[in-house]
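The values are calculated or read from the model by the stated rules, or taken from the named source; none is laboratory data. Keep in mind the model is a prediction, meaning the values are calculated, not measured. Note that we place each Cβ from the backbone using ideal geometry, even for glycine, and neighbour counts take in every protein chain shown.
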Amino acid sequence: MTDTRTLSVFTLTDLVEVTPVLLGFPPVESLVAVACRAGSVALVARIDLPAGAPESMLAQLRPMWLNNPDCTFLLLVFSEDANLAWSALGAMDAALPPHTLRLCVHADGTRWHATPGDEGLPYDARHGRLCLEAAVEGVPVLGSRDELYELIAPVLSEAETDAAIERVFDRYPTSRSLIHGALALLERADAGALVVDADVAAALCMATRYRAFVHPALLSTTRTNAGARRDLWAAVVRQVCPCCAGVPLAGLGLASWVLGQGAMLVVCLDLMRQVDADPLWSEFLEAVNVRAVHPGDWAGIAAGGLAAIERHRGAA
């Protein structure tokens, strides 16, 4: 979930129906692990169902329960193939430590099942109570994971981005003026007073060539400003050349993670692997994702500065 909004879950059907809200899209042919602590969702992870042996699936999710031994885990497989679903759930159930509380559920698109072969109960993945409540609260559910990529797809032509770069060079003729100007733009974004056009996006992207901007810009991300930072970096990614979007993608991934939006973090990591991204931040975010680090840990990591980033970066 994001920000401070909460949704009340009362039944197992609610738990199944809230999963698309937690992810941002309805999972298909997926295993979703929901870690709950003290009646609230602590972490959510989604991976594709394996076509064969589940070893890779187990390896991806193992850090989640190792790092959260006090959590109760809801393991859901969304698949039309009941045999595949219960095979994956059986492997996960066997891999979890014996003392860990868990609940296994198979959802086939229209009904969820607590045991193989049972009649199941109906659910609505797109129009259930919780999806509708989330939409009213401003947390809509997208149609699919592909729509996350579409949200940050480039919208400007090469000529338009080149023209914006020329204007930025004219406005900020030195690296010092560019860094100072970009930090000022960041402050305006945090205050909700910035419209991100092609020139703003170009200035922020060009400033990411300098660590004097990158490190303070990313380390200053907080739970309070993460929503504004997410929107800012998403707008920048859309309006710059994809090959130059490594740090903006890192900023978007970081803000999304802090907000608990792990699906967008995964999208950013995927796109960062395709460009020349800053290894410090790309490897840090990769480690955060692989180790299922809780977003609540970010405040302590950020307070430790670059040394803490380096420690977590090397712990993947």
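The figures follow:
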{"quantity": "Unmet requirement for ASP276, which otherwise passes all of (1) surrounded by fewer than 18 Cβ atoms within 10 Å (Cβ to Cβ); (2) modelled with pLDDT of 95 or more", "calculated": "(2)"}
{"quantity": "From SER157, SER175, residue being in contact (Cβ under 8 Å) with a residue 24 or more places away in the chain and among the polar types (S, T, N, Q)", "calculated": "SER175"}
{"quantity": "Extreme residue, farthest from CYS244 (Cα to Cα), among residues of segment 139-162 that are surrounded by 12 or more Cβ atoms within 10 Å (Cβ to Cβ), among the acidic types (Asp, Glu) and at pLDDT 90 or above", "calculated": "GLU160"}
{"quantity": "ARG37 vs. criteria basic (Lys, Arg) and surrounded by 14 or more Cβ atoms within 10 Å (Cβ to Cβ)", "calculated": "no"}
{"quantity": "Residue list for segment 40-61, filter: over 14 Å from VAL266 (Cβ atoms), touching a Leu at 6+ places or on another chain (Cβ under 8 Å), modelled with pLDDT of 80 or more and not β-branched (Val, Ile, Thr)", "calculated": "LEU49"}
{"quantity": "Test result for VAL293, in a loop (DSSP other than H, G, I, E, B), in the same structural domain as VAL155 (by TED's automatic domain parsing) and either hydrophobic (A, V, I, L, M, F, W, C) or buried (at least 24 other Cβ atoms within 10 Å of the Cβ) (or both)", "calculated": "yes"}
{"quantity": "Segment 82-95 - residue that is in contact (Cβ under 8 Å) with a residue 24 or more places away in the chain and surrounded by fewer than 20 Cβ atoms within 10 Å (Cβ to Cβ) and, of those, nearest to SER40 (Cα to Cα)", "calculated": "ALA95"}
{"quantity": "Residue list for segment 273-295, filter: β-branched (Val, Ile, Thr) and closer than 16 Å to ARG46 by Cα", "calculated": "VAL288, VAL290, VAL293"}
{"quantity": "Test for VAL240: is it modelled with pLDDT of 95 or more, in the same structural domain as ILE165 (by TED's automatic domain parsing) and assigned to a loop (DSSP other than H, G, I, E, B)", "calculated": "yes"}
{"quantity": "Any hit, segment 174-190, residues being in a loop (DSSP other than H, G, I, E, B) and of a type outside the set (Ser, Thr, Tyr)", "calculated": "no"}
{"quantity": "Residue pairs meeting the criteria (Cβ under 7 Å; at least 6 apart or on separate chains; first over 17 Å from LEU219 (Cα atoms), in segment 178-193; second in a helix (DSSP H, G or I))", "calculated": "LEU178/ALA203; LEU178/MET206; LEU178/ALA207; GLY181/ALA203; GLY192/ALA228"}
{"quantity": "Residue match in segment 162-174 (condition: acidic (Asp, Glu), in the same structural domain as LEU249 (by TED's automatic domain parsing) and under 30 Å from TRP298 (Cβ atoms))", "calculated": "no"}
{"quantity": "Candidates ALA217, ALA234, ALA212, filtered to the one that is buried (at least 18 other Cβ atoms within 10 Å of the Cβ), closer than 27 Å to ASP297 by Cβ, in the same structural domain as VAL168 (by TED's automatic domain parsing) and without any contact (Cβ under 8 Å) to a residue 60 or more places away in the chain", "calculated": "ALA217"}
